[in-house]
Structures are given as structure tokens and as C-alpha cells.
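Here is the structure we will look at, set down as C-alpha cells.
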Amino acid sequence: MEKDPFSEFRVSVELDGEKRISGNNLFDLLEKITRYGSISRAASEMGISYRYSWGLIQAAEKALGLALVNKQIGGYEGGGTSLTREGKELLGQYKEFKGEVDTQLNRFVKKAKQAKNAAHPTKDGSGQGDGSSGQIFQRHLLLASTMEPVETGLLDVLEGAFYQSSGVLVRHIALGSGRALQIAKSGRVDMALTHAPELEEEFMEEGWGESRFPVMANDFVLVGPVSDPAEIAKIDPSGGTKEAFRKVALSRSPFISRGDHSGTHLRELKIWESAGISPEGEWYLKSSGVVGNLGILRLALEKKAYTLVDRATFLLSRSFEKMIRIFTGTEEGNALTGELENIFSLTLVNPERIPTVNSEDALLFAGWIQGKEAQQVIAGFGQESFGRPLFSIVNPFS
């Protein structure tokens, strides 16, 4: 049987800049808890220990700031366990996007096989080849990526398509933009995908980067509870987000901040600065231990608070059913387009500063992701689930 080329793909999430958990194991565990009503039974079915399973759940709950499971003494298999409402929603969102990712990956697999068979026909014309090209699949790249392309599933699709096109396997670490650029300086990765322009420019000026270019974009959105205690939905958008932030501060309405030097956090701080406010007090909640904008949104829902996130994460979370989107930067004619624009750029690590980086394949990936195939993926990703793409391309292909 032919090996599934994506069978070894793994997604990891880095917590607090150091500890990583397996996304594959976490969601498989939640699925089996739903099926068997027991952590011990779920762990047994997965071939992992109960201790590891429970530690995985606790790490995820701590990072998200939410309870994912309800555990009761005396249930089936020594203790009944079920998913909380948040746990069910998280699993459901993962399965929905995994379906879209799998669909697009399968399309690329089919397309790549057809191209390979056409290029390397066998003696009998079947196009199966002798497998002599297998050595190329040993090449790989390491990418430090901001959370949004990982959480939406877009990065998995791009990595799979590039693998089929080049034979180079891209593995990624998901974390905030600030941390991504930090580990790029340490030589742990070959490139970084981030959305923190000021940090990226500093990275290049200090000589750590070989090249940097925009890949895609969306916009930041300011969201809040339906009750809108600061009444910022009534503000004229021409006043800018700084006016909305002032209203939040003056009313001392709860505001959740990433507080982790990520691209989202840096944009939030920039808006506070433009508003002439240094946010502090009980109403201003820093949650640097919560992973990504998905975690921040869930915490904002729980606390009935305002927060700033990117549009893709907001749509992915289905929070639009429970929160109001107050300011956004992409509607036609909106004066906030530039203020809330969110550009994701790829930066290649300079081999003159870090000689161990795989500069050759990084340049290959950089050329590919700017090409028509990759940009078509970006331009259409999310269309099937949301009726509109989650990202836009920065430089339209011809």
C-alpha cells in the first residue's frame, strides 16, 4: 500500500515560549473521551499513558484559560469524564477546519501524482516510476510561525502543497511573533512567518534576516460583549479605534490583552499609545499565558470583555454568534483600513549570521510561496466554510 505522504505531519503548539504539546494527540484524546466517557479508556485506545493524557489536558486548559473536561469520581472505567461546552466547541471547530484542510490537501496530492506520473512514465506506460526520487524527501525546513496561519489550518495546506511540489518537508513551531523572531536569532529555525512589522524591521536592520517580504493579509477587529458596556458601537468610525479604546478605558470596561509581545499585542499597544492612554487597573487583564487569539477570544467571552484579534481567528472561533464586531478595517470605504491592516511576512534567516540554516531550501520556499499556486491557496482558503477567504494575497498573481 502506498504511504500517505501526510501521515507524518504533526502540529505542535508552544506554551509560554518553551513547552510544546501535540495538537494531534490533544484532539484525538478529546474525541475518544467523547466516545468512551473515560480518560483511562481513551488513553488505552491511543496507546498512551493515563498520566500523559491527563497532563496534556491540564496543559491545554492552563494555556487556554478554560476547562475542557468534566471529571467525576466513580464513573465508567474508574471515573466518568465528559467534555465541557467549551471542550465540545473546541473539538467541533478543529474537526470542521481539519475537514477543509484534508479536502485541499487531497486535491494537491491528486494533482501532484498526476504531474509525477506524466513526468516519469514507466516502461509499460503506467507512470509508476521506480521510486528512485525518494531521497529528495529527506530535505526539510523549520519555520517559526505566528499562531493565526496555524490555528486556521492554512499553514498545513501550504506546507503540504510545497512538499508535493518540491519534496522539501516544512515543519513549524507555533508561537507569538515576538517569540518567533527570538528563536530565529538563536538559529533554531530557518525562517519566520510573523505579523509584527516593527520587530521584523529591527530583525532585518540588525542583520539577522537575509530577506523579508509580505505573503498575505487580513485585518484586526475590535470585538466585545453584546451588551457593549462602553457603548463604543455608537462611535463614529471616522474617529478611529483610538476613540473606542478611550471609551473602554474611561468606562473601565474589562479588556483582555495578549500581553505576550505578539503581533496582536504590539498592534494593541500602538492603538493605546495613539489614544494617549497607558492602560492599567483591574479592568485591564493581561493573559500572556493564554495561547493565541483563539484563547484570548474564549477568555473575553467568559469575562464579557473587549479584545483585539485578527478577523480569521474571529471567524474561526464562531464568536460572531456571541460577540459583536465593533471595528474592522476591510469594508469598502472604511477609514480604518490602514490602521487595522494586518500583514503577515516571511523572513529568511541570514546564513552569514547563522551558518547552520538551510538557506538554499528556504529561498526555494520563498519563491514558491510568492508564486501562483501558493497564492491561489491563500486567496481561496476559508471560502467553503465562511463564504469568504480568511486571508488575502498582498501581491496578486498574474
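Read-outs throughout are calculated quantities, based only on the coordinates presented, and are distinct from any laboratory measurement. This is a predicted model, so every value here is computed, not measured. Virtual Cβ from ideal backbone geometry, glycine too; neighbours counted across all protein chains shown.
Taking amide hydrogens as placed 1.01 Å from N in the peptide plane, the amide H of L141 sits under 5 Å from those of L169, V170, R171, each at least 5 positions away in sequence or on another chain. Lysine pair count for region 220-341 (Cα-Cα distance under 21 Å; residues 8 or more apart in sequence or on different chains): 16. Look at L30, L66, L363 and count the other Cβ atoms within 10 Å of each Cβ; fewest to most, that gives L363, L66, L30. Based on the reciprocal of the average 1/r between different C-alpha atoms, the Kirkwood radius for region 23-89 equals 11.6 Å. Please list, by residue number, everything in region 348-383 whose backbone N is under 20 Å from a paramagnetic label point 7 Å out along Cα→Cβ of H140. In region 348-383, the label zone of H140 (backbone N under 20 Å from the point 7 Å along Cα→Cβ) covers 349, 355-366. Panel order for F27, F391, by other beta carbons found within 10 Å of each beta carbon, from fewest to most: F27, F391.
The simple Förster model, with R0 at 30 Å and r as the Cβ-Cβ distance, assigns V394 and E45 a FRET efficiency of 0.10.
What is the calculated FRET efficiency for E321 to L250, with r their C-beta to C-beta distance and R₀ = 25 Å, to the nearest 0.05?
0.30
Decide, for region 220-341, between rounded, prolate and oblate: order the square roots of the alpha carbon gyration tensor eigenvalues as a ≥ b ≥ c, take rounded if a/c falls under 1.5, and otherwise choose prolate if a/b is larger than b/c, else oblate. Judged from the Cα gyration tensor, region 220-341 comes out rounded (a/c under 1.5). Fewest-first ordering of M216, M147, M323 by other beta carbons within 10 Å of each residue's beta carbon gives M323, M147, M216.
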